[in-house]
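Colleague: Sharing a structure with you now.
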C-alpha cells in the first residue's frame, strides 16, 4: 500500500515538473534524408575506428560521410571546453590526475591517444601523438556537420562557457547539447534557450512511463531531442510506443550505442531518427542509397 502511495506521489511530482515549462523553437538544422541519421560515437577506449574525441576521429568521420558526430566535453582549470570522455587522464593519455585540475597549456602537452588500441597489444598513436582539442578547434575540423555535445563536467560554469562559445561562433543551429547532470543542462537551457538540447535521464524516463499510459500529451518537454540508451534500468526503452509518443511531441529520437549488425538492423526497422554507433561504416553500408565518401578499412565484423 505504501509503495503504491509513494509511486503515485512521485508521478504527481514528475507531472508538475514536466508541465513547468515548454521548450522554445530551436535553431537546430539537421540533414534530411531517408532512414536514420548516422551519428559517430566519440569513443576513447578502442571500440571505434579511430580514437574518439581527437582530430583523427573528427577528420575521418567527416571523410566517411556521417550525418552527425558526438563528442564529450570537460572544462579545463582555466575555463576551456576540451574533448575527452573520462574525467581522469590515466585511462587514455600519458598524463595523470583529472582534466579539470589542469590548464589548457598542461593538457596540450599530453598524448590524447597514448593508451588507444584495438587489440590491447599495439598502440599506434604512441609514435603518432594526438593532442587534446578544444571545442573551438572541433568546430573548425567538422565544418557544417552537426555535433552532439555531451557536457560531462558537473560545473555550472561549463554551461556558461558553452553558451558563450556557441554565441561567439554562431554554431547554435549546428549542435544538440546534452548532459547527464540535470543542474548543468538546466542552466544551459536558461542561458541559451534557442539551442536544441537532449532529454535528461529523468525526462526520458517520464516520457517512457507516460507513453505506457498513453498520457504523453500531458507532457510539455523542455527539450527538442532524445538520445536514449538501448536499455535503461534493464528495460528496452526504445520501442514503437516510445517513438510514437516522442514523434507526437515533435521530438527527434536517437539511440546509443549500437554496434552489432543485428541491433543496427533492428533500429533501422523500428524507424528511429538517429543511431549513435562506434561503427558508422557498417551502418552506412546497411542503408539503401548510402555510400561512404572514402574507403575505410573495416574492423572484424561487430558482434
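Colleague: Can you go through 204, 210, 245 and tell me which one is within 26 Å of residue 154 (Cβ to Cβ), outside the structural domain of residue 143 (by TED's automatic domain parsing) and part of a helix (DSSP H, G or I)?
Modeller: Matching residue, one of 204, 210, 245: 204.
Colleague: Looking for something in the same structural domain as residue 66 (by TED's automatic domain parsing), surrounded by fewer than 21 Cβ atoms within 10 Å (Cβ to Cβ), free of Cβ contacts under 8 Å to residues at least 60 places away in the same chain and within 20 Å of residue 36 (Cα to Cα) - is there at least one such residue anywhere in segment 154-166?
Modeller: Looking for residues that are in the same structural domain as residue 66 (by TED's automatic domain parsing), surrounded by fewer than 21 Cβ atoms within 10 Å (Cβ to Cβ), free of Cβ contacts under 8 Å to residues at least 60 places away in the same chain and within 20 Å of residue 36 (Cα to Cα), one finds none in segment 154-166, hence no.
Colleague: Next question. If residue 299 passes every condition in (1) at pLDDT below 95; (2) under 20 Å from residue 41 (Cβ atoms); (3) in contact with a helix residue (DSSP H, G or I) (Cβ under 7 Å, 6 or more places away or on another chain) but one, which one does it miss?
Modeller: If we test residue 299 against (1) at pLDDT below 95; (2) under 20 Å from residue 41 (Cβ atoms); (3) in contact with a helix residue (DSSP H, G or I) (Cβ under 7 Å, 6 or more places away or on another chain), just (3) comes out false.
Colleague: Which residues, counting only those in segment 236-266, are buried (at least 24 other Cβ atoms within 10 Å of the Cβ) and under 19 Å from residue 42 (Cβ atoms)?
Modeller: 254, 255, 258
Colleague: All but one of (1) touching a helix residue (DSSP H, G or I) at 6+ places or on another chain (Cβ under 8 Å); (2) buried (at least 18 other Cβ atoms within 10 Å of the Cβ); (3) in contact (Cβ under 8 Å) with a residue 60 or more places away in the chain hold for residue 150; state the number of the condition that does not hold.
Modeller: (1)
Colleague: Return the residues of segment 192-219 that are surrounded by fewer than 16 Cβ atoms within 10 Å (Cβ to Cβ) and without any contact (Cβ under 8 Å) to a residue 40 or more places away in the chain; say none if nothing qualifies.
Modeller: If the condition is that a residue be surrounded by fewer than 16 Cβ atoms within 10 Å (Cβ to Cβ) and without any contact (Cβ under 8 Å) to a residue 40 or more places away in the chain, then 201, 212, 213, 214, 215, 217 are the ones that fit.
The values are calculated or read from the model by the stated rules, or taken from the named source; none is laboratory data. This structure is a prediction, so every number in the text was calculated from the model and none was measured. Every residue, glycine as well, gets a Cβ built from its backbone with ideal geometry; the counts of neighbours run over all protein chains shown.
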